[in-house]
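Please read the structure below before turning to the comments.
What follows is calculated from the coordinates using simple rules that are stated; it is not laboratory data. Note that the structure is a prediction, hence the values are computed from the model and not measured. With ideal geometry, Cβ positions are generated from the backbone for all residues, glycine too; neighbour counts draw on all protein chains shown.
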Amino acid sequence: SPTYAEDLANIIREAIEKKIPYGIYNATNQGYTNWYEFTKTILEYAKIDCKVNPVTTEEYIEMMKIVQAKRPKNSKLSKDKLINAGVTVPEWKESLKRYLVAEGKM
């Protein structure tokens, strides 16, 4: 999921302050999306009227004539471990709004 750098810094700070157990944590914004939905959401929030056509990864690779490493069909990262440790993990759409406001785009 998209991750606002400010949120990532806050997640790390909060984890340190709360002295959560040592381990590996997935620190991204909460929720899941794909590039198509992410792009449409940015345009919607920024009030930009633009048609976006969805394409599969395979179509994109072929269209762009690129070589790409094989990726899993589903690479969702669970934030449950952070949340269960009491760390606040903001949802990506709300974070996107805050980012666009901070950048003067909304």
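The figures follow:
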read-out: Within region 33-106: Cβ-based charge dipole about Cα centre, in debye rounded to nearest 20 (Lys, Arg +1; Asp, Glu -1); value: 180
read-out: Other-chain or far-sequence residues with amide H under 5 Å of Glu91's (modelled H); value: Gln30
read-out: Cβ-defined net charge surrounding Ile11, 15 Å radius [Lys, Arg +1; Asp, Glu -1]; value: -1
read-out: Packing-based order for 25-34, 11-20, 66-75, using average beta carbon neighbours within 10 Å, highest first; value: 25-34, 11-20, 66-75
read-out: Region 24-106: radius of gyration and largest Cα-Cα distance (Dmax), Å; value: 15.8, 45
read-out: Positive-end residue of Thr41, Pro72, Pro21, charge dipole of the chain with Cβ unit charges; value: Pro21
read-out: Cross-link pairs Lys18/Lys93; Lys76/Lys97; Lys40/Lys73; Lys73/Lys105; Lys70/Lys97; Lys19/Lys105 - those with Cα-Cα distance over 29 Å; value: Lys73/Lys105; Lys70/Lys97; Lys19/Lys105
read-out: Using alpha-carbon coordinates, inclination of helix 92-102 to the longest axis of the chain, degrees; value: 80
